[in-house]
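Shown next, in structure tokens, is the structure this report addresses.
None of the figures in this text is laboratory data; all of them are computed from the coordinates on show. These numbers were taken from a predicted model, which means no experiment stands behind them. As a convention, Cβ positions derive from the backbone with ideal geometry for all residues, glycine included, and neighbour counts pool all protein chains shown.
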Amino acid sequence: MGRPINNRSQKSPVITLIGEGMTEQYYFKHIRSLFNYRYILKPYFFGITSLTKMDRKIDEAIEGGGIAICVFDTDVSQRVEAEKKKLNRLVKKYSRKENVIFCDSLPSVEYWFLLHFKNTNKYFSNSDAVARALRKYLINYEKTTLFLEKEKWVSDLCSDNKLKTAIERARDFNDDSPSYSNIYKAFDLFMK
């Protein structure tokens, strides 16, 4: 007689989001709630300011077959040569790993938010410049806990199919554009 067949379904790999700051953390917390996506999102994985720490968190996340999604701004690495070299080393280290996804934005995550409203890849000197442009559409947008902790701003971002529009727009602009965001890659994975 043959061995019994194991009928248990194979589990999906655990997705862990690793990111820089509180804006990204609140955004993805609200996205998970609004769309019922499944991923690990803990303060422990956010607030990372060094690429060395991010590297350690990536290793923790992919240990055992998980997936790491790294969300960060690239404005500093564009201005500071030492940071650019560190980032290039990090990206090169994981370039052949399908379970590591870099979702960087230039100059900042606010550019990703702006794509929900406007089709542009114009140059923005910094995150404040993007935030000013974003406030034309999200009037009260602020990088404060008081604002970010409320789900409504993310709900407003995604209303009227604007999330799908942002994903399509982000795909059109590559890393050589004056402004870009690869956050759409996270949604490609979430929506599978």
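Take the Cα of K92, step 7 Å toward its Cβ, do the same at D176, and the gap between the two points is 2.0 nm.
Around the amide H of D104, modelled in the peptide plane, lie the amide H atoms of F72, N182, all under 5 Å away and 5 or more residues distant in sequence or on another chain. Summing charges over all other residues whose Cβ lies under 13 Å from the Cβ of A133, with Lys and Arg as +1 and Asp and Glu as -1, gives +3.
For Y180, the shell of other residues with beta-carbons less than 15 Å away shows a net charge of -3, using +1 for Lys and Arg and -1 for Asp and Glu.
By counting other Cβ atoms within 10 Å of each Cβ, how are I101, I40, I183 ranked from fewest to most?
Values: I101 20, I40 17, I183 24.
Ordered by Cβ neighbours within 10 Å, fewest first: I40, I101, I183.
Across the chain, C-alpha contacts under 8 Å between residues 6 or more apart give a mean separation that, scaled by the residue count, equals a relative contact order of 22 percent. Taking a point 7 Å out from the Cα of F35 in the direction of its Cβ, the residues of the range 159-187 whose backbone N falls within less than 18 Å of it are 159-173, 181-187.
Any idea what the dipole of the chain comes to, in debye rounded to 20, about its Cα centre with Lys/Arg Cβ at +1 and Asp/Glu Cβ at -1?
Details: 33 positive and 24 negative charges, 106 e Å.
I would put it at about 500 debye.
Cut-off is 10 Å between beta-carbons; in what order do W153, W112 appear when sorted fewest neighbours first?
Values: W153 19, W112 27.
Ordered from fewest to most neighbouring Cβ atoms within 10 Å, W153, W112 come out as W153, W112.
Other residues within the sphere of radius under 14 Å centred on the Cβ of K192, judged by their own Cβ, net out at 0 (K and R +1, D and E -1).
Residues within the reach of a label modelled at S12 (point 7 angstrom out along Cα to beta-carbon, backbone nitrogen below 19 Å), restricted to the range 170-192, are 183-192.
Amide H contacts of F46: G19, each under 5 Å away and 5 or more positions distant or on a separate chain (H built 1.01 Å from N in the peptide plane; Pro and chain starts excluded).
When the pairs K122/K150; K29/K150; K29/K86 are compared against a 21 Å limit on Cα-Cα distance, K122/K150; K29/K86 fall above it. Ranked by how many other Cβ atoms sit within 10 Å of their own Cβ, fewest first, the residues R169, R32 fall in the order R32, R169. Taking square-rooted eigenvalues a ≥ b ≥ c of the alpha carbon gyration tensor, is the range 1-159 rounded, prolate or oblate, where a/c under 1.5 means rounded and, failing that, a/b exceeding b/c means prolate? Oblate, because a/c is 1.5 or more while a/b does not exceed b/c. Spatially, the range 36-97 and the range 127-192 are offset by 19 Å when compared through their Cα centroids.
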